[in-house]
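A.B. asks: First the structure, then my questions, so here it is.
The values are calculated or read from the model by the stated rules, or taken from the named source; none is laboratory data. If you're wondering where the values come from, they're calculated on a predicted model, not measured in any experiment. Cβ placement follows ideal geometry from the backbone for every residue including glycine, while neighbour counts extend to all protein chains displayed.
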Amino acid sequence: MGGYTLVTRIRHIPSKILLPLLSRISRHGLRPHAGRALFFTPALVLLVLLVIYPVLQTIFLGFYLELPGGQRQFTGLDNYRAVLTDPATINVGNLPWPPPLGTLIHNALWIVIHLPISLFAGLWLALLLQETKGASVVKSCIFLGMVTPMIVGGVILRFLLEAGVGVVPSFFGVIGVRSLAVNWMVHRELLLLGLILGSVWLWTGFSLIVYSAGLTTIPKDYFEAARVDGTPPGRMFFRITFPLLKPLTLVIVVMTILWELKIFDIVVAATNFGGGVGADTLALQVYRFFFYDSNAGKAAVVASLLTLLTLISTSLILRRMAK
Amino acid sequence: MMKWSFRKLRLRTIAVHLIAWSIALAWLVPFLGVFSTAVRPVSEITNGWWNFDRLNPSLNNFIAAFTNPVLPLSRAYANSFLIAIPATLIPIFVATLAGYGFARFRFPMRDYLFLSIVLLMSIPQQMIAIPVFKIMLDLNLYDNLLSIILIHSAWGLPWIILFMRNFTRALPLEVEEAARVDGAGDFKIFSKIVIPMAVPALASAAVLQFMWAWNDYFFALILLPTQANWPVTRVVTSIGSGALTTDWGILSAASILTMLVPLVLYVVTQRYYIRGMIGWTIKG
């Protein structure tokens, strides 16, 4: 079911769906397969009550101002304007550096830095491990980050970056890079960068595992044939391996972007909420607006914008998933 | 000439192994650090956990974390299991039914309905946080483990439905058709034929869903304010953290205990875990 067919099908809904439906009902009544609805009922009840209704409610809340006493006042796009001009979301004054640059820019930085590094690190490792003995052990070591609860991942990042316990500041102290031999957790120039780079350690396992599995599906003859023709390895990679892995690359890109857009636990655990403004993310901003400022409207707007971004990303691979 | 290229090949193999294994080791350093900190008294790690001049390993930090007077991890462990087990079984059951339905039954708008459900997979938890918070207050379930079990059950449905639907579609249809000819109804076919064939897929889904529920922090953050109800993920962010200082010994021990359950589960069920995670990824 592709995007194209989706569009063409929607146009045919009246004739293709309604008419047969009506004629079927008039011929048989609803009887013969009515029991089949029971297969869907429990799932739909749970989804409608606890996911779909809340999602719609959140969209709705974004257009209202909640007044004390539980009343609401329709304010149109005011919340959107307030959120998008809030320095907490986009902080033009601090551009280009240091943070806080605003949650939207922080999430964008997360994508721009973390996505390519973790993607190519995983691909490179997958290729390297093809010719390594004990590759499965190496993979398991790297995959540990994926099994680690994100909240613990955040604690460990703090453990690496904080002065005293942290191996990172000590390392830079030993090699004499003074500017990096500091407590990364309290230097806003370093905190966000440290968390982004540190989370490469947590996430690379994903692209490694997916690419490794993908590489095993490429028939060996392709490489044999290319080798017989005297194709250099670099060319083999760009002409055979990478093009064949392209669908997987797309999936990894989308899943990684989704992960980066939703970053919450890592920042909370590493900065313990308070110091978090310098590394604040959209997801954290929702929490802050609602539970700290009691501003449901602005919280709902940030959540809606975040959801919009995730839906756009997902639409790139929706066809593949639902095939 | 021959000999030279052979040596070049050997060198390359050695280099590849050296790089690969050093990377694996580098990847383990943070875990080793946490472990080294957890099994030693604070006084021994003041010069860094990598300093092993004095070494008196003990389980004291683990015991301290487990029996912490304010935030006992033992209690949190119980809570996490009480949440994660039903939050795995309920959605697996519910989603398998629906996944089967989407794979086998034809009805108008089926694919649109299915796509809409799949789309829900990508939504961030924050998108439902505010209304769910209010709903649970209204239902008197706020600060009750039941609230979080329910929300995990609903939240896990989209991906398990997708997973089970794709799995069911790959099953041979002939067996089911034969049973239908023999007069078996939908539910009989589902329970007697499909479920037994789906055991490996159910195991994969269960492993991933359990880990998701165990690892979740956000829903516990908004729905469970009372410390006695906290799962491990919430306790680990507070334990050992004073106003100004951090007791890294207890915090490290608590971190290890928090990730121990998903880790053991992963090691034991590695095959199912990986298959569950990349099942649909790789098919493309």
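A.B. asks: Determine which single condition A:Thr89 fails, assuming it passes every other condition in (1) buried (at least 18 other Cβ atoms within 10 Å of the Cβ); (2) free of Cβ contacts under 8 Å to residues at least 60 places away in the same chain; (3) part of a loop (DSSP other than H, G, I, E, B).
C.D. replies: Against the list (1) buried (at least 18 other Cβ atoms within 10 Å of the Cβ); (2) free of Cβ contacts under 8 Å to residues at least 60 places away in the same chain; (3) part of a loop (DSSP other than H, G, I, E, B), A:Thr89 comes up short only on (2).
A.B. asks: Let me ask something else. Given the structure, is A:Thr75 out of contact with any strand residue (DSSP E or B) (no Cβ under 9 Å at 6 or more places or on another chain) and either on the phi < 0 side of the Ramachandran plot or among the acidic types (Asp, Glu) (or both)? Show your work before the answer.
C.D. replies: Numbers: out of contact with any strand residue (DSSP E or B) (no Cβ under 9 Å at 6 or more places or on another chain): no; either on the phi < 0 side of the Ramachandran plot or among the acidic types (Asp, Glu) (or both): yes.
So A:Thr75 fails the test.
Results for (1) modelled with pLDDT under 95; (2) at the interface with chain A (Cβ under 9 Å from one of its Cβ atoms), shown as yes or no for each residue.
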| position | (1), (2) |
| --- | --- |
| B:Ile92 | no, no |
| B:Gly99 | yes, yes |
| B:Ala103 | yes, no |
| B:Leu119 | yes, yes |
| B:Tyr142 | yes, no |
| B:Trp159 | yes, no |
| B:Arg165 | yes, yes |
| B:Ile189 | yes, no |
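A.B. asks: Here's another thing I want to ask about it. Limited to the range A:247-266, what total is found for residues that are among the aliphatic types (A, V, I, L, M) and over 14 Å from the mean Cα position of the chain (by Cα)? Write out each step before concluding.
C.D. replies: Initially, the range A:247-266 is screened for residues among the aliphatic types (A, V, I, L, M), giving A:248, A:250-255, A:257-258, A:261, A:263, A:266.
Subsequent filtering for residues that are over 14 Å from the mean Cα position of the chain (by Cα) retains A:248.
Qualifying residue count, the range A:247-266: 1.
A.B. asks: Quick one: count up the residues across the range B:121-163 that are out of contact with any helix residue (DSSP H, G or I) (no Cβ under 6 Å at 6 or more places or on another chain), of a type in the set (A, V, I, L, M, F, W, C) and farther than 30 Å from A:Arg320 by Cα.
C.D. replies: The qualifying residues number 4.
A.B. asks: Next question. Which of the residues that make up the range B:122-146 are assigned to a helix (DSSP H, G or I), of a type outside the set (Phe, Trp, Tyr) and more than 17 Å from A:Val48 (Cβ to Cβ)?
C.D. replies: Initial filter on the range B:122-146 (assigned to a helix (DSSP H, G or I)): B:122, B:126-138, B:145-146.
Next, from what is left, pick out any that are of a type outside the set (Phe, Trp, Tyr): B:122, B:126-132, B:134-138, B:145-146.
Residues satisfying the conditions are B:Ser122, B:Gln126, B:Ala129, B:Ile130, B:Leu137, B:Leu145, B:Leu146.
A.B. asks: May I pose another question? If you scan the range B:106-116, which residues turn out to be out of contact with any Phe, Trp or Tyr (no Cβ under 7 Å at 6 or more places or on another chain) and within 7 Å of another protein chain (Cβ to nearest Cβ)? Walk me through how you get there before you give the answer.
C.D. replies: Of the range B:106-116, the ones out of contact with any Phe, Trp or Tyr (no Cβ under 7 Å at 6 or more places or on another chain) are B:106-109, B:111-113, B:115-116.
The answer is B:Pro108, B:Met109, B:Asp111, B:Leu115.
A.B. asks: Now for a different question. Across the range A:67-86, which residue is surrounded by the most Cβ atoms within 10 Å (Cβ to Cβ) among those that are small (Gly, Ala, Ser) and out of contact with any Phe, Trp or Tyr (no Cβ under 9 Å at 6 or more places or on another chain)?
C.D. replies: Quick first cut of the range A:67-86, residues small (Gly, Ala, Ser) only: A:69-70, A:76, A:82.
Adding the requirement that they be out of contact with any Phe, Trp or Tyr (no Cβ under 9 Å at 6 or more places or on another chain) leaves A:69-70, A:82.
On the way: A:Gly69: 5, A:Gly70: 6, A:Ala82: 16.
If we take residues in the range A:67-86 being small (Gly, Ala, Ser) and out of contact with any Phe, Trp or Tyr (no Cβ under 9 Å at 6 or more places or on another chain), then A:Ala82 is surrounded by the most Cβ atoms within 10 Å (Cβ to Cβ).
A.B. asks: Here is a check on your reading of the model: is B:Gly240 farther than 29 Å from B:Gln125 by Cβ and within 13 Å of chain A (Cβ to nearest Cβ)? Write out each step before concluding.
C.D. replies: Working: farther than 29 Å from B:Gln125 by Cβ: no; within 13 Å of chain A (Cβ to nearest Cβ): yes.
Taking the combined requirement at face value, the residue does not satisfy it.
A.B. asks: Under 7 Å between Cβ atoms, which residue pairs at least 6 apart in sequence (or on different chains) link something in the range B:245-270 that is assigned by TED's automatic domain parsing to the domain that holds B:Arg40 with a partner that is of a type in the set (Val, Ile, Thr) and assigned to a helix (DSSP H, G or I)?
C.D. replies: none
A.B. asks: Restrict the check to the range B:77-87 and report whether at least one residue is farther than 28 Å from A:Ser199 by Cα and within 14 Å of chain A (Cβ to nearest Cβ).
C.D. replies: Yes - at least one qualifying residue is present in the range B:77-87.
A.B. asks: Of all residues in the range A:41-76, which are in a strand (DSSP E or B) and either away from chain B (no Cβ under 13 Å) or over 14 Å from A:Val301 (Cβ atoms) (or both)? Break it down stepwise before answering.
C.D. replies: Narrowing the range A:41-76 to residues in a strand (DSSP E or B): A:64-67, A:71-74.
Residues satisfying the conditions are A:Leu65, A:Leu67, A:Gln71, A:Arg72, A:Gln73, A:Phe74.
A.B. asks: Still on this structure: In the range A:146-167, what count of residues is obtained for those that are among the hydrophobic types (A, V, I, L, M, F, W, C), more than 17 Å from the chain's Cα centre (by Cα) and within 9 Å of chain B (Cβ to nearest Cβ)?
C.D. replies: Restricting attention to the range A:146-167, the residues satisfying the condition of being among the hydrophobic types (A, V, I, L, M, F, W, C) are A:146-147, A:150-152, A:155-157, A:159-161, A:163, A:165, A:167.
Imposing the further condition that a residue be more than 17 Å from the chain's Cα centre (by Cα) reduces the set to A:152, A:155-157, A:159-161, A:163, A:165, A:167.
Checking which are within 9 Å of chain B (Cβ to nearest Cβ) leaves us with A:152, A:155-157, A:159-160, A:165, A:167.
Result for the range A:146-167: 8.
A.B. asks: Just to be sure, is A:Ile263 closer than 30 Å to A:Gln130 by Cα and either away from chain B (no Cβ under 11 Å) or β-branched (Val, Ile, Thr) (or both)? Walk me through it before giving the result.
C.D. replies: Details: closer than 30 Å to A:Gln130 by Cα: no; either away from chain B (no Cβ under 11 Å) or β-branched (Val, Ile, Thr) (or both): yes.
So A:Ile263 does not fit the description; no.
A.B. asks: Identify the single condition in (1) under 30 Å from A:Val138 (Cβ atoms); (2) of a type in the set (A, V, I, L, M); (3) not assigned by TED's automatic domain parsing to the domain that holds B:Ala228 that B:Val42 does not satisfy, given that it satisfies every other one.
C.D. replies: (1)
A.B. asks: OK, next. What number goes with the only condition from (1) at pLDDT below 85; (2) away from every other protein chain (no Cβ under 12 Å) that B:Leu59 does not pass?
C.D. replies: (1)
A.B. asks: Assess whether B:Ala154 counts as being free of Cβ contacts under 8 Å to residues at least 60 places away in the same chain and in a helix (DSSP H, G or I). Explain how you work it out, then say what you get.
C.D. replies: On the way: free of Cβ contacts under 8 Å to residues at least 60 places away in the same chain: no; in a helix (DSSP H, G or I): yes.
So B:Ala154 fails the test.
A.B. asks: Which of (1) closer than 28 Å to A:Pro99 by Cα; (2) touching a residue at least 12 places away in the same chain (Cβ under 8 Å); (3) in contact with a Leu (Cβ under 7 Å, 6 or more places away or on another chain); (4) of a type outside the set (Ser, Thr, Tyr) does A:Val277 not meet, given it meets every other one?
C.D. replies: Unmet for A:Val277, out of (1) closer than 28 Å to A:Pro99 by Cα; (2) touching a residue at least 12 places away in the same chain (Cβ under 8 Å); (3) in contact with a Leu (Cβ under 7 Å, 6 or more places away or on another chain); (4) of a type outside the set (Ser, Thr, Tyr): (3).
A.B. asks: Give the number of residues within the range B:121-140 that are within 7 Å of another protein chain (Cβ to nearest Cβ) and modelled with pLDDT under 90.
C.D. replies: Residues flagged as within 7 Å of another protein chain (Cβ to nearest Cβ) and modelled with pLDDT under 90 within the range B:121-140 amount to 1.
A.B. asks: Looking at (1) surrounded by fewer than 23 Cβ atoms within 10 Å (Cβ to Cβ); (2) at the interface with another protein chain (Cβ under 10 Å from one of its Cβ atoms); (3) closer than 21 Å to A:Pro87 by Cβ, which is the one condition that is false for A:Ala299?
C.D. replies: Going through (1) surrounded by fewer than 23 Cβ atoms within 10 Å (Cβ to Cβ); (2) at the interface with another protein chain (Cβ under 10 Å from one of its Cβ atoms); (3) closer than 21 Å to A:Pro87 by Cβ one by one, A:Ala299 breaks only (1).
The rows are residues; the columns are (1) within 16 Å of the chain's Cα centre (by Cα); (2) of a type in the set (Gly, Ala, Ser).
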residue: A:Pro87; (1), (2): no, no
residue: A:Gly93; (1), (2): no, yes
residue: A:His106; (1), (2): yes, no
residue: A:Val112; (1), (2): yes, no
residue: A:Leu125; (1), (2): no, no
residue: A:Leu144; (1), (2): no, no
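A.B. asks: Working carefully through the options B:Phe187, B:Phe219, find the one that is farther than 21 Å from B:Ile149 by Cβ and not acidic (Asp, Glu). Spell out how you get there, then give the answer.
C.D. replies: Numbers: B:Phe219 fails: farther than 21 Å from B:Ile149 by Cβ.
The unique qualifying residue is B:Phe187.
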